[in-house]
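Beneath this line is the structure, given in structure tokens, with notes to follow.
The values are calculated or read from the model by the stated rules, or taken from the named source; none is laboratory data. Quantities reported herein were computed from a predicted structural model and do not represent experimental measurements. In this analysis, Cβ positions are derived from the backbone assuming ideal geometry, glycine residues included, and neighbour counts consider all displayed protein chains.
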Amino acid sequence: MIKCKLIKDTAVISVNPAFYPIDAIYGASYVFIDRAYIFLDGDEKKAINIYIKSKKKSSLGALKSLVGEFQNELLNYSFRDKINKSTRKVREGIIERALAVFGPQEAFNEQDPGDYLKDPLGIAIPWEEKHAKSKTK
């Protein structure tokens with residue numbers, strides 16, 4: 001649940017952290033730090049108060065609009081957090097599988113430069129040399 005009240009030129013939004021995780025509150029707040037001053041206060045288990053004050057001098061309607069945008073962004077980040085938690089094992093499995101394909105890597109041996117000095121495709125030839133027009137006529 002979200003409660004909002006306006007005090008002078010500052011909006012105070014009270015958020016229940018059971019519905020909106022603290023990470024979602026941080027994410028939504030970060031989106032607005034270029035347009036507003038954001039201050040967080042309260043108890044992470046009971047209620048978190050978010051104070052929003054526009055950086056520009058603005059009307060009451062503009063402040064209400066800013067609060068509405070903040071609430072939408074809060075919902076957006078809460079949903080992202082929920083998706084992130086529900087798909088975590090899948091993402092970890094994909095990364096684990098991708099890294100397992102390569103297996104253990106051999107240590108670099110400075111004594112044996114390997115075949116990288118051989119250039120059968122001519123890749124190491126500079127472009128100017130490879131495509132230079134002959135100067136002799």
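Kindly indicate which of 112, 9 is modelled with pLDDT under 90 and surrounded by fewer than 11 Cβ atoms within 10 Å (Cβ to Cβ). I'd like the intermediate steps shown before the answer.
Values: 9 fails: surrounded by fewer than 11 Cβ atoms within 10 Å (Cβ to Cβ).
So the residue among 112, 9 that is modelled with pLDDT under 90 and surrounded by fewer than 11 Cβ atoms within 10 Å (Cβ to Cβ) is 112.
When you look at residue 75, is it at negative phi, over 21 Å from the mean Cα position of the chain (by Cα) and at pLDDT 85 or above, yes or no?
Values: at negative phi: yes; over 21 Å from the mean Cα position of the chain (by Cα): no; at pLDDT 85 or above: yes.
Here the answer is no, as residue 75 does not meet what is asked.
I'd like the full set of residues that are of a type outside the set (S, T, N, Q) and touching a residue at least 40 places away in the same chain (Cβ under 8 Å), limited to the range 43-56.
Keep residues of the range 43-56 that are of a type outside the set (S, T, N, Q), which gives 43-48, 50-53, 55-56.
Matches in the range 43-56: 51, 52, 53.
When the residues of the range 30-42 are narrowed to those that are touching a residue at least 24 places away in the same chain (Cβ under 8 Å) and not β-branched (Val, Ile, Thr), which ends up surrounded by the most Cβ atoms within 10 Å (Cβ to Cβ)? Even if it seems obvious, please write down each step before you answer.
Residues of the range 30-42 that are touching a residue at least 24 places away in the same chain (Cβ under 8 Å), as a first pass: 31-32, 35-36, 42.
If we keep only those that are not β-branched (Val, Ile, Thr) too, we end up with 32, 35-36, 42.
Numbers: 32: 18, 35: 15, 36: 23, 42: 13.
That would be 36.
Name the pairs whose Cβ atoms lie under 6 Å apart, with the first residue in the range 6-17 and farther than 16 Å from residue 68 by Cβ, the second outside any strand (DSSP E or B), and 6 or more positions between them or separate chains?
Correct list of pairs: 16/1; 17/44.
Could you grab me the full set of residues in the range 46-62 that are surrounded by 11 or more Cβ atoms within 10 Å (Cβ to Cβ) and either within 23 Å of residue 22 (Cα to Cα) or of a type in the set (Ser, Thr, Tyr) (or both)?
47, 48, 49, 50, 51, 52, 53, 54, 58
Would you check which residues across the range 63-73 are hydrophobic (A, V, I, L, M, F, W, C) and under 16 Å from residue 16 (Cβ atoms) and list them? Even if it seems obvious, please write down each step before you answer.
Initially, the range 63-73 is screened for residues hydrophobic (A, V, I, L, M, F, W, C), giving 63, 66-67, 70.
70 - this is the single residue of the range 63-73 that is hydrophobic (A, V, I, L, M, F, W, C) and under 16 Å from residue 16 (Cβ atoms).
Tell me which residues, restricted to the range 57-78, are among the aromatic types (Phe, Trp, Tyr) and either touching a Pro at 6+ places or on another chain (Cβ under 9 Å) or farther than 18 Å from residue 13 by Cβ (or both).
Within the range 57-78, the first condition is being among the aromatic types (Phe, Trp, Tyr), and the residues that meet it are 70, 77.
Listed by number, the list holds a single entry, 77.
Please verify whether residue 15 is surrounded by 12 or more Cβ atoms within 10 Å (Cβ to Cβ) and at pLDDT 90 or above, treating the condition exactly as stated. So that I can check it myself, show each step before the final result.
Working: surrounded by 12 or more Cβ atoms within 10 Å (Cβ to Cβ): yes; at pLDDT 90 or above: yes.
So residue 15 passes the test.
Conditions first: (1) out of contact with any Lys or Arg (no Cβ under 8 Å at 6 or more places or on another chain); (2) within 19 Å of residue 75 (Cβ to Cβ); (3) in a strand (DSSP E or B). Residue 11 passes all but one, so which condition is the exception?
(1)
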